[in-house]
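We did not get these values from a lab; they are worked out from the coordinates using the rules stated. Note that the structure is a prediction, hence the values are computed from the model and not measured. Heads up, the Cβs are rebuilt from the backbone with ideal geometry, glycines too, and the neighbour counts pull from every protein chain shown.
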Amino acid sequence: MNKLVINSYAKLNLYLEVLNRRKDGYHNLKTIFERIDLADKIILSLRPDKIIRVSSNSKQIPSDQRNLAYRAALILQESLHLEKGVEIKIVKNIPVGSGMGGGSSNAASTLLGLNKLWKLKLSRKQLVNFARKLGSDVPFFIYNCPFALGRDRGEVVRPIRPLDRHKFWHLLVVPRSFVSTSKIYREWDRAKKGQRVRLTRVNSNVKILTLSLRNKDLLGVGKRLFNSLEEITFPLYPGLVRIKRKLRNLGLPAVLMSGSGSAIFAISRSRKEARSVYAKLKKQKTARVFLTRTC
Ligand code: C5P
């Protein structure tokens, strides 16, 4: 085997509670990840030399060491002292800077793919250890599961097994604006400075949300979806509030921003409903619209 083609899926955060700022500058979180079928394609080809080369159809992502897929290959090469190279081609479909973890997913796919292509035989635990060094959202994509709970930086992951077989339809609206995650966390620090840190909202929130998801109770889900970063991102990008309102006005009760933005997603009751709203939203030209599903 000298070539591999991998689907590199996106994620949504159905719940994202920022708890506090840590000494290392990151933030402790409590989050629920969901994997969706919107995906990039990663094509890995063996090289006869030691070179790692990244190329992409998208001009929005770097092809050097700033690219997380590049860093994934490099961390394996350096840590394991490998004399192996790889050509990494990234076909981008996941919008960049949208809070859907495209770069993190590409890094995880590269780790998983190189484990096979370079015949490394690394265990999931070892892969997760590399993943957490690359970024907070990377470990989630190493677990082959549709829903998971994330803690600490988001990198401590536990699959939510009761939701394994659940599938939801989603509408995604992604404005053209690119949101920088580190900027949003800096703004969160500024906004929360001097405020007493409440260690957690209501401890049972994640449990109730999980239960509502299990029961497909979208009104209940709509009440429990939560993202601490909306109050930071929305004032900076007021267009996002209008998108959220529009989705609600179209009859969708469960709408939220993913990650630090800019993607706004809605959960739909059925494929039929999702398709009808998709057709309506498609007519507007200002934002990109996607119809996607849990995977
Ligand atoms: O971990 P990752 O590199 O994906 O995070 C991007 C940026 O988001 C970090 O540099 C940091 O500023 C911020 N971040 C954070 N706390 C987290 C996750 C991300 O402050 N738990």
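Structure above, values below:
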quantity	calculated
Residue that is nearest to the ligand (Cβ to nearest atom), among those in the range 50-99 that are surrounded by fewer than 13 Cβ atoms within 10 Å (Cβ to Cβ), among the acidic types (D, E) and outside any helix (DSSP H, G or I)	D64
Pair list, Cβ under 8 Å, 6 or more apart: the range 254-268 residue more than 13 Å from V96 (Cα to Cα) and more than 16 Å from the ligand (Cβ to nearest atom), other residue of a type in the set (D, E) and outside any strand (DSSP E or B)	L256/E230
Number of positions in the range 164-176 that are surrounded by fewer than 20 Cβ atoms within 10 Å (Cβ to Cβ) and under 19 Å from A266 (Cα atoms)	3
Verdict on A148 being touching a Pro at 6+ places or on another chain (Cβ under 6 Å), of a type outside the set (D, E, K, R) and under 15 Å from A73 (Cβ atoms)	no
Filter pass, N28 being surrounded by 14 or more Cβ atoms within 10 Å (Cβ to Cβ), touching a residue at least 12 places away in the same chain (Cβ under 8 Å) and within 16 Å of the ligand (Cβ to nearest atom)	yes
Some residue of the range 100-112 being touching a helix residue (DSSP H, G or I) at 6+ places or on another chain (Cβ under 9 Å), surrounded by fewer than 22 Cβ atoms within 10 Å (Cβ to Cβ) and not in a helix (DSSP H, G or I)	no
Matching residues in the range 41-73 - criterion: being out of contact with any strand residue (DSSP E or B) (no Cβ under 6 Å at 6 or more places or on another chain) and under 17 Å from G135 (Cα atoms)	I61, P62, D64, Q65, R66, L68, R71, A72
Considering residues of the range 113-154 that are over 23 Å from I43 (Cβ atoms) and among the polar types (S, T, N, Q) only, the residue surrounded by the fewest Cβ atoms within 10 Å (Cβ to Cβ)	S123
Filtered residues of the range 1-24 (kept if within 10 Å of the ligand (Cβ to nearest atom), out of contact with any Asp or Glu (no Cβ under 9 Å at 6 or more places or on another chain) and not in a strand (DSSP E or B))	D24
